[in-house]
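Comments concern the structure below.
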Amino acid sequence: MWSTRTGAARLSLLTVIGLIILKVVVGIVTGSISILAQATDSILDVLAVIITMLAIAWSAKPADEEHPFGHGKGEDIAAIVQAMLIFAAGAFIIYSAVQRIVTGTTVALTEAGIGVMLVSILASVFLSRHLHRVAHATGSSALEANARNIATDVYSAAGVIAGLIIIRFTGLGLLDPVVAIIVALVILKTAYDVWRKSFGGLVDIRLPDEEEAIIKTCITEHSSELVSFHMLRTRKSGDWRYIDLHLVMPKDASVETAHQMCDHLEQDIKAKLRSSSITIHVEPCSVECDQCAVTCTQRPEKE
């Protein structure tokens with residue numbers, strides 16, 4: 001139930017809402033700006049999860065007349081929106097922390113704050129790991145962005161706990177807004193990482209080197225049957241990989257032979273890179289046989 005893209009998004013939504021309630025209540029009771037900063041971040045998490053759910057529903061739609069390549073880029077757009085929300089959260093936290101430094105408000109009941117932050121850390125650890133697993137299994141960029149967003153809560157909550165412990169034993173109230181600013185900087189770094197990766201999907205950045213290496217290996221292992229390949233182009237849209245290339249076949253190869261080779265390569269690549277759409281353009285060789293390993297009737301006899 002929770003292992004699908006939609007199920008994982010719903011689990012994330014329920015968990016984050018519960019954490020928001022705890023953080024807001026304890027933040028108001030203790031007067032801690034760092035806890036309220038965490039609550040603000042979690043509120044944005046809820047908006048991010050809602051955006052993720054909408055993006056997943058949109059990207060799951062099959063290709064249609066207006067969108068012949070599907071709707072996968074909806075997830076990249078959702079991730080960009082999430083990055084903007086995370087940026088906004090970081091800016092708001094820094095502003096609030098500076099205001100707290102100016103006013104010099106103190107923190108009370110630090111024990112309650114420490115307790116709620118421990119709960120937040122445990123929940124965020126388990127949730128972010130689960131979201132990462134589902135995102136990796138489904139290739140969902142929106143879920144991955146959501147997982148990164150949740151994961152930042154672990155580090156920021158740990159910083160808040162450290163600050164509250166020091167305040168508890170030293171009475172150094174100024175540390176609370178300082179910790180909040182550090183939390184905000186971590187949040188801003190996460191926003192940048194999410195934005196950079198998602199923007200690459202929108203501008204059709206090529207697949208990672210390791211995935212392109214798999215494609216090349218699938219082709220070159222048939223060097224005794226085909227001449228070469230070139231014009232390899234790759235991109236990703238949502239969880240779908242789009243691959244096209246030019247395949248050079250022996251000049252005397254029949255249309256059926258070339259077709260069978262293309263089918264075989266498509267099946268081989270799809271078996272190793274799921275959700276792949278492959279387009280192969282076949283070309284005849286130019287009878288330049290010096291570097292060719294194919295047995296062919298067009299090969300000139302050596303003198």
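Only the coordinates and a few stated rules stand behind these numbers; no lab work does. Remember, it's a predicted structure, so these values are computed and weren't measured experimentally. For neighbour counting, all protein chains shown are included, and Cβ atoms are generated from backbone atoms with ideal geometry for every residue, glycine included.
Fewest to most neighbouring Cβ within 10 Å: what's the order for Glu75, Glu256, Glu266?
In order of increasing Cβ crowding within 10 Å: Glu256, Glu266, Glu75.
Report the full-extension gain for the segment Leu54 to Lys270: residue separation times 0.36 nm, less the Cα-Cα distance, to one decimal in nm.
Full extension from Leu54 to Lys270 adds 75.0 nm.
For Val179, Val186, which order do you get if you count the other beta carbons within 10 Å of each Cβ and list the fewest first?
Listing Val179, Val186 from fewest to most nearby Cβ atoms yields Val186, Val179.
Mind giving me the nanometre distance, one decimal, between the label points for Val29 and Gln260, set 7 Å out from Cα along Cα→Cβ?
Result for the modelled spin labels: 7.5 nm.
Whose amide H sits under 5 Å from the amide H of Arg235, counting only residues 5 or more places off or on another chain, with H placed in the peptide plane?
Leu207, Tyr242
Let's test the formula: R0 of 25 Å, r as the Cβ-Cβ distance of Leu118 and Phe199. What FRET efficiency results, to the nearest 0.05?
0.10
Got a sec? How would Met84, Met231 order by Cβ neighbour count within 10 Å, fewest to most?
Met231, Met84
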